[in-house]
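Worksheet for the structure shown next.
The values are calculated or read from the model by the stated rules, or taken from the named source; none is laboratory data. Note that the structure is a prediction, hence the values are computed from the model and not measured. Positions of Cβ are backbone-derived with ideal geometry, glycine not excepted, and every protein chain shown enters the neighbour counts.
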């Protein structure tokens, strides 16, 4: 027997090093490289880019750099510089701050009985940010594990810290102390802390730092620094070392290109700009880049403003919040998701930001551009809907449409099936088609009105026309054949408005007509007489004695038996619809969305 077999029920107690090394993902996020779309700054512009990266690998830098930023905050703006060196040849990271050094750096911690510097860099959740105060960036409840996790996952880790009294340094290899130095500070030595580390090849085999990711991350930090009232004067400096040569890292805090809206208040800032190809939004909560419900809340406000629930496809936002500790919860160790519930944060955000943001939108040219983009999207969507619906409607038009047998010369759009039946009998069936409406047609104010009305879709299908396409209809003449009474005139006006708004080229080409029908029919001896206006009828009856006077109420009053329809069709009186200077204006008043203008016009009329 090679050795004593372990009982499967035996309790195994792992120390901190063993626990983190065994399951690092639990502490720093996914280790294995993954393909993901990430916000990356390219040529000074924020874009959504496909990247293969390891969140856990990147997080090693985050834990150390965040400590330096916390120190800058504690120094209340007195820290002027923070330096970061990324060696792309060896993977070594060096982060140096000009802070006050570790507090009581040469003393023992009362709880761990170890030096306080070792405690901070060897114990998870050890640090100075567990008390809520105005000087701290990250507070209790934000779930960071601290720089100790970077030490544990590094093959080499060193710290040099100088406070007003002491110089203290430690070096670890695979989390074991190999060097230690503690002495009084020399007067010439500047205060501050320098940490360097090389990630463990056992955990991160052949991993290399990504220049774009590093540059973008540091630029985000620079942006947050510039917008922090306490540390806004801190300068973040970086270099890459590549093939033994130093290359400055092009850190920028200005990566929102072009015009933007900014609402800057006590709880943070909201930026909004017009989207572009591969653009993306961004969010920071208490200095950590993350996603969360706060982004949806802001998007919903804007969607409501633009009256389109997909408006957020046409704009981007950068949200940077300073959330009070009572509302502060992240969903994981790495602070990638702001986990505070919607109802907890929504009222706070609404009270602070909503009115200011909506007011800024209402005054902005950016909003107008976004509205134009939305209108274009909706136009294209509705055109596609119309095309699909036209194909379906062609299969469904039955008794309402009677096409000609040979040539598509003219089509009558009639008011009702009864009138259509009479026209069908009196027409020239070889060249004239008939389509029957069922009552009033839709008032087509918007493009979407064309997609949800069967009769409008059928008319477009029969004529083979669609908005935004100036192709002429397959019929040479479109004849509106409605009654001369108010209802018939209203239907005719709705059809004229439909063609004027969506197919003005048809009117310009002189293809739209209104069939004028007699108002009165009577007999003069054996002769059948037709009158198209009452004045003409009254003048005639003063000198002629007529019989069988019939006041026509509509197309249905015309008689096939007495040849009324034959007369009307053989002696067509067609009123050609033209576009003059005032037609568009009055059609808009009559059928547009401004009800006040319509009421005023009707009262004058």
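Whether any residue in segment 228-236 is buried (at least 18 other Cβ atoms within 10 Å of the Cβ), at pLDDT 95 or above and more than 30 Å from residue 30 (Cβ to Cβ) is what I want to check.
Within segment 228-236, one or more residues are buried (at least 18 other Cβ atoms within 10 Å of the Cβ), at pLDDT 95 or above and more than 30 Å from residue 30 (Cβ to Cβ).
Among (1) under 16 Å from residue 24 (Cβ atoms); (2) assigned to a strand (DSSP E or B); (3) touching a helix residue (DSSP H, G or I) at 6+ places or on another chain (Cβ under 7 Å), there is one condition residue 159 misses while meeting the rest; what is its number?
Going through (1) under 16 Å from residue 24 (Cβ atoms); (2) assigned to a strand (DSSP E or B); (3) touching a helix residue (DSSP H, G or I) at 6+ places or on another chain (Cβ under 7 Å) one by one, residue 159 breaks only (1).
Among the listed residues 283, 269, identify the single one that is assigned by TED's automatic domain parsing to the domain that holds residue 328 and over 24 Å from residue 67 (Cβ atoms). Walk me through how you get there before you give the answer.
Working: 283 fails: over 24 Å from residue 67 (Cβ atoms).
Only one candidate qualifies: 269.
Identify, by number, the condition in (1) assigned to a loop (DSSP other than H, G, I, E, B); (2) under 29 Å from residue 54 (Cβ atoms) that residue 246 doesn't meet.
Status for residue 246: all satisfied but (1).
Where in segment 497-576 are there strands (runs of 3 or more DSSP E), lying wholly inside it, with at least 2 residues that are assigned by TED's automatic domain parsing to the domain that holds residue 444, in contact (Cβ under 8 Å) with a residue 60 or more places away in the chain and within 19 Å of residue 473 (Cβ to Cβ)?
Details: elements: 512-516, 520-524, 527-531, 547-551, 573-576.
Filter on segment 497-576 gives 512-516, 573-576.
Within segment 48-84, how many residues are touching a strand residue (DSSP E or B) at 6+ places or on another chain (Cβ under 6 Å), in contact (Cβ under 8 Å) with a residue 60 or more places away in the chain and not in a helix (DSSP H, G or I)?
7
Does residue 436 satisfy the criteria of being closer than 23 Å to residue 491 by Cβ and either in contact with a strand residue (DSSP E or B) (Cβ under 6 Å, 6 or more places away or on another chain) or exposed (fewer than 13 other Cβ atoms within 10 Å of the Cβ) (or both)?
Numbers: closer than 23 Å to residue 491 by Cβ: yes; either in contact with a strand residue (DSSP E or B) (Cβ under 6 Å, 6 or more places away or on another chain) or exposed (fewer than 13 other Cβ atoms within 10 Å of the Cβ) (or both): yes.
When the stated conditions are applied, residue 436 passes them.
Which condition number in (1) at pLDDT below 95; (2) over 38 Å from the mean Cα position of the chain (by Cα); (3) closer than 18 Å to residue 222 by Cβ is the one that residue 62 fails?
With (1) at pLDDT below 95; (2) over 38 Å from the mean Cα position of the chain (by Cα); (3) closer than 18 Å to residue 222 by Cβ applied to residue 62, the lone miss is (2).
For segment 255-312, give me every one of the strands (runs of 3 or more DSSP E) that falls completely inside it and has 3 or more residues that are in contact with a strand residue (DSSP E or B) (Cβ under 9 Å, 6 or more places away or on another chain) and more than 30 Å from residue 145 (Cβ to Cβ).
Once the strands (runs of 3 or more DSSP E) in segment 255-312 are filtered for at least 3 residues that are in contact with a strand residue (DSSP E or B) (Cβ under 9 Å, 6 or more places away or on another chain) and more than 30 Å from residue 145 (Cβ to Cβ), what remains is 261-265, 268-274.
Just checking, which of 50, 98, 18 is at pLDDT below 95 and either closer than 27 Å to residue 180 by Cβ or out of contact with any helix residue (DSSP H, G or I) (no Cβ under 8 Å at 6 or more places or on another chain) (or both)? Spell out how you get there, then give the answer.
Working: 50 fails: at pLDDT below 95; 98 fails: at pLDDT below 95.
Answer to the selection: 18.
Using the structure shown, decide if residue 553 is farther than 30 Å from residue 504 by Cβ and modelled with pLDDT of 90 or more.
Working: farther than 30 Å from residue 504 by Cβ: yes; modelled with pLDDT of 90 or more: no.
Against the criterion (farther than 30 Å from residue 504 by Cβ and modelled with pLDDT of 90 or more), residue 553 does not qualify.
Working only within segment 479-496, note down all residues that are surrounded by 20 or more Cβ atoms within 10 Å (Cβ to Cβ) and without any contact (Cβ under 8 Å) to a residue 24 or more places away in the chain.
Residue satisfying the conditions is 492 alone.
Could you identify the single residue in 484, 455 that is under 20 Å from residue 576 (Cα atoms), in contact with a strand residue (DSSP E or B) (Cβ under 8 Å, 6 or more places away or on another chain), assigned by TED's automatic domain parsing to the domain that holds residue 419 and not in a strand (DSSP E or B)? Step through it out loud before you land on a result.
Details: 455 fails: under 20 Å from residue 576 (Cα atoms).
The unique qualifying residue is 484.
Conditions tested, residue by residue: (1) surrounded by fewer than 18 Cβ atoms within 10 Å (Cβ to Cβ); (2) over 17 Å from residue 267 (Cα atoms); (3) touching a strand residue (DSSP E or B) at 6+ places or on another chain (Cβ under 8 Å).
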| residue | (1), (2), (3) |
| --- | --- |
| 333 | no, yes, no |
| 370 | no, yes, yes |
| 378 | yes, yes, no |
| 386 | no, yes, no |
| 402 | no, yes, yes |
| 414 | no, yes, yes |
| 425 | yes, yes, no |
